[in-house]
1. Along the stretch 98-107, what does the Karplus equation 6.51 cos²θ - 1.76 cosθ + 1.60 (θ = phi - 60°) give for ³J(HN,Hα), rounded to whole Hz, x for Gly and Pro?
2. Lys and Arg at +1, Asp and Glu at -1: add these up for the other residues within a Cβ distance under 9 Å of Phe88 and post the number.
3. Taking amide H positions as placed 1.01 Å from N in the peptide plane, with prolines and chain starts having none, which residues 5 or more places from Ala70, or on another chain, fall under 5 Å of its amide H?
4. Rounded to whole Å and sorted largest first, what semi-axes of the equivalent ellipsoid does the C-alpha gyration tensor of the stretch 84-159 yield via the square root of 5 times each eigenvalue?
5. I'd like the Karplus ³J(HN,Hα) series for the stretch 118-124: coefficients 6.51, -1.76, 1.60, θ = phi - 60°, whole numbers in Hz, and an x wherever there's a Gly or Pro.
6. Please give the residues of the stretch 51-95, grouped as numeric ranges, whose backbone N is less than 12 Å from a label point set 7 Å along the Cα-to-Cβ vector of Glu136.
7. When the chain is treated as a GNM, springs tying every alpha-carbon pair under 10 Å, which of Gly89, Gly24, Gly113 comes out with the largest mean-square fluctuation?
8. Can you say what percent of the DSSP beta bridges in the chain, counting only those with both residues inside, are antiparallel? Round to 5.
Amino acid sequence: MKLIETKLKNLLIVKTEVFKDRRGFFKEIIKEKIHGKKFIFDCLSFSKKNTLRGLHIQKKKSQAKLITVAQGKILDVAVDLRKNSKTFGKHFSIKMSHDSKFSLFIPEGFAHGFLCLSKFCTIYYKCSNYRDKNSETTIKWNDKDLNIKWPIKRPILSKKDKNGIALVDF
C-alpha cells in the first residue's frame with residue numbers, strides 16, 4: 001500500500017495491492033497503520049449511467065472519505081472547501097473503476113461528487129464521521145467558478161443536487 005499526493009494538499013490516491021487469478025481478484029482497501037485515519041461509518045452507493053451525485057459536504061461534522069469503486073466506472077471529483085487553504089475552490093478529478101488499483105482519500109473540508117460512466121456502478125465509501133443530515137450542503141455540480149469538465153451536459157440528478165448552492169454562497 002502506497003500513499004500518492006495530488007495537487008490538493010492531503011487529498012491522496014491510496015495505491016493498493018490487487019491479487020488476480022483466473023477466478024477474479026482480491027483487493028486490499030486500507031490499512032489503518034499505513035494511513036492512521038479511523039473510519040467509523042461505511043456506505044454503499046449504486047447508480048445508473050449518467051447519474052451525478054454531489055457535490056456534497058458536511059459543514060459542521062466534516063467527514064474524511066475513502067472512495068473505492070466496487071463495480072463499474074466513474075469520474076470522481078473532490079473540491080477543496082477548506083477556508084484557509086491555498087487551493088480553496090480548486091478541484092481534482094480522476095476516473096476510477098473496479099479495475100483501478102487505487103482508492104481516493106478525501107480529507108475533511110472537501111466536497112465530493114461522482115458521475116457514473118458505465119451502465120451502472122457501485123461505490124464503497126469509508127467515512128471518518130457519521131452522516132449528519134442537518135449539516136449537509138450541496139454545491140452546484142456545474143458551478144461556473146469551479147469549471148469542472150464533466151463529460152455530460154444533462155446528468156440524472158436528485159432534487160437535492162438540482163438545488164445545490166453556488167460556490168460564492170458557501
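1. Karplus-based 3J(HN,Hα) across the stretch 98-107 equals 5, 8, 4, 9, 7, 10, 10, 9, 10, x Hz.
2. On the way: positive: Arg82, Lys83, Lys86, Lys90; negative: Asp80.
My count for the surroundings of Phe88 gives +3.
3. Excluding prolines and chain starts, which carry no amide H, the hits are Thr122, Ile123, Tyr124.
4. Details: eigenvalues 81, 66, 47 Å².
Each semi-axis is the square root of five times an eigenvalue, giving 20, 18, 15 Å.
5. Residue by residue, the stretch 118-124 yields 9, 3, 7, 8, 10, 10, 10 Hz.
6. What the label zone holds, given the 12 Å backbone N cut-off, is 54-59.
7. Gly24
8. Numbers: 49 of 51 bridges.
Within the chain, antiparallel bridges account for around 95 percent of the total.
All of the numbers you see were taken from the coordinates with simple rules; none came from a lab. Everything numeric in this text was worked out from a predicted model, so none of it was measured. Cβ sites come from the backbone with ideal geometry, for glycine too, and all protein chains shown count toward neighbours.
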